[in-house]
Amino acid sequence: IKGDRGLANAYNQGIRKSKGEIIITLHQDCMPLEKNSITKLINPFRDEKVVLVYSWVMEKDEKRKYYPFAPDGKFTAFRKSALEEVGLFNEIVFFTGGEDVDMWLKLKKIGKIVRVKTGILHIHPNYKGNKTIEKRRQNGSINGALTKIWGIRNPKWFKSILLCFIFPFSYGKEYIKAYISGKQTYRRKE
């Protein structure tokens, strides 16, 4: 992968170089928890209407298991032809996040999305989730860009507006900048 041009760009480079029809993403800080996790992830693609499949996530530090509200790329499978049909990941708008929600919203318009009963362990030492100012800034930037593109179809649009009032100098500031520019540009420094 050439240079650091963001996650969406890295995904797109991999997709363009891939030979197969099923694309699997697995983040570097994630580990599948079952020997047959990949099989479980790709089996739903027997149905030609399936365009995206995702697993649950277990946070190591918090010891909680959950399905992300939108597939987040940690351990996800895509039908390559569907990705190409919707124009791949939006690397112009998204740099360090938001590309996953944007892709989920695009893909659910053209096919089926399936959650499977397998998961990954997300190993992110000292990760404090959305509790840090840096993460709030990043999420504000992500949701500002998503709301600019998707409006109220962004599932977090209302929560985003509330967070702008609760955290005006971190989340709110970056949300407004991203909404105006139409790009997620804030990259957390921690």
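Quick note: the coordinates plus some simple rules give every number you see, no bench work behind them. Remember, predicted model here, so these are calculated numbers, not experimental data. Cβ: placed from backbone, ideal geometry, glycine included. Neighbour counts: every protein chain shown.
For the chain, what is Rg from Cα atoms divided by 2.2 N^0.38 Å, rounded to two decimals? Mind dumping the intermediate values first?
Values: Rg = 16.4 Å, N = 190, 2.2 N^0.38 = 16.2 Å.
Output field value: 1.02.
Put simply, the amide H of CYS30, placed in the peptide plane, has neighbours under 5 Å in ILE123, leaving out anything fewer than 5 places away on its chain. In units of the rule-of-thumb radius 2.2 N^0.38 Å, segment 99-159 shows an alpha carbon radius of gyration of 1.37. Pairs LYS131/LYS183; LYS108/LYS156; LYS106/LYS156; LYS35/LYS74; LYS49/LYS109; LYS19/LYS117: which exceed 19 Å Cα-Cα? Check vs 19 Å cut-off fails for LYS131/LYS183; LYS19/LYS117.
Per residue of the chain, the DSSP helices (runs of n ≥ 4 H) give a summed -39500 (n - 2.57) that works out to -10500 deg cm²/dmol at 222 nm. Run through all the Cα pairs of segment 5-48 and give the fraction in each 5 Å bin from 0, expressed as whole percent. Computed distribution, short to long bins: 5, 15, 24, 22, 23, 10, 2. Translational diffusion coefficient, Stokes-Einstein: compute it for segment 129-181 using the Kirkwood radius over C-alpha pairs as Rh, at 10 °C and 1.306 mPa s, and state it as an integer in µm² s⁻¹. Translational D for this selection: 154 µm²/s. Annotation: the antiparallel percentage among DSSP beta bridges lying fully within segment 7-122 is about 65. Relative to the dominant Cα principal axis of the chain, helix 7-17 is inclined by about 30°.
Translational D (Stokes-Einstein, µm²/s) of segment 57-163 at 25 °C and 0.890 mPa s when Rh comes from the Kirkwood sum over C-alpha pairs?
Working: Rh = 15.2 Å.
Translational D for this selection: 161 µm²/s.
For GLU21, the shell of other residues with beta-carbons less than 15 Å away shows a net charge of +3, using +1 for Lys and Arg and -1 for Asp and Glu. Pick out, in residue order, every one of the GluC sites (Glu not before Pro) in segment 6-77 that is DSSP loop and has at most 16 other C-beta atoms within 10 Å; say none if there are none. Answer in residue order: GLU21, GLU34, GLU48, GLU62.
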